[in-house]
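Taking it in order: structure first as structure tokens, then the write-up.
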Amino acid sequence: MPPQYIGYLIAFVVVYTIWKCVRIVPQKQAFIVERLGKYHCTLDAGLHLLMPVIDRVSYKHTLKEQAIDVPPQQCITRDNITVEVDGILYLQVMDPAKASYGIGNYLFATTQLAQTTMRSEMGKLELDRSFEERMHINGAIVEAVDKASDPWGIKVTRYEIKNITPPQTIRDAMEKQMRAEREKRALIAESEGDRQAKINRAEGEKQQAIAISEGEKMKRINEAGGRAQEILLVAEAQASGIRQVASAINDQGGMNAVNMQLAQQYLTEFGKMAKANNTMIIPSDLANVAGILKAATSVIKEVKP
């Protein structure tokens, strides 16, 4: 072999040995190192040197939280309805050594465990409640899978149900039920609104009637007060007039004035009777007008206090 090829071979062996001895671990990853086929150590992020030939990296794990898609599965509810359920499982490797040697494939194992727990939890609930109890189902799956995966160095953080899909016939029945429920709520709301409207109208009519009656009452009170005031004023005016007439009669010449007024009224009324009737009743003592006045004057004197 030419000497130059020997140098190339030695250089290749040196580079290969260095490459095998030096390991750079990225952030949030962990390498499992075996020495002579036995677990030796776990390499964290950074630069590490291995013994050539006897040390080798057997497993590589990510320490990030992982989201695993749980395939759809058929579940039977408590009321014997078959539904299809799928979800997402979130987990994180906490102990890389246990994850390497505790189980062959922790991703497959946790997925299968989540599916079996899902079937068990769905069998405890009726279909209608399964839509309402998602949080309860998620919590039960997380608790069961996390407890089972603890020896594997896995921490299950949460589980989320994506879809609960019942058969088409059940979906049609549920749609009819929801439509009927919505129509029922609409009728109830409409009747409640109509009832409230009638109550409001009745209350308004009641208030209106009360206001009208109060107004009518005040009107009548005011009218009665006005009439009473009017009667009082008329009576006072009549009394004042009578007093003035009486005072005038008692004054000097008052009686003569009264006689004159009576004679004038007598002649006026006699003239009216003559115009209204074809037959006239003439007093026997027509010329004696003074006698008539004297008789009237005597009546006034008797009435006068």
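Bear in mind that the values in this text are calculations on the coordinates, not laboratory data. Since this is a predicted model, take the numbers as computed values, not measurements. With ideal geometry, Cβ positions are generated from the backbone for all residues, glycine too; neighbour counts draw on all protein chains shown.
Numbers below:
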item: Cα-based equivalent ellipsoid, the stretch 66-166: semi-axes from gyration tensor eigenvalues, Å; result: 27, 11, 11
item: Given charges at Cβ of Lys, Arg, Asp, Glu: the stretch 1-103 dipole, positive-most of 90, 66, 100; result: 100
item: Only Lys, Arg (+1) and Asp, Glu (-1) charged, at Cβ; the stretch 66-166 dipole about Cα centre in debye; result: 240 debye
item: Per-residue Cβ neighbour rank within 10 angstrom, fewest leading, 152, 19; result: 19, 152
item: Magnitude of the charge dipole, the stretch 3-62, Cβ model with Lys/Arg +1 and Asp/Glu -1, debye to 20; result: 120 debye
item: Fewest-first sequence of 245, 70 by Cβ atoms within 10 Å of each Cβ; result: 245, 70
item: Pairwise label distance in nanometres, residue 187 with residue 116, each label 7 Å out on the Cα-Cβ vector; result: 5.0 nm
item: Alpha-carbon radius of gyration plus Dmax, which is the widest Cα pair, for the stretch 3-62 in Å; result: 14.1, 46
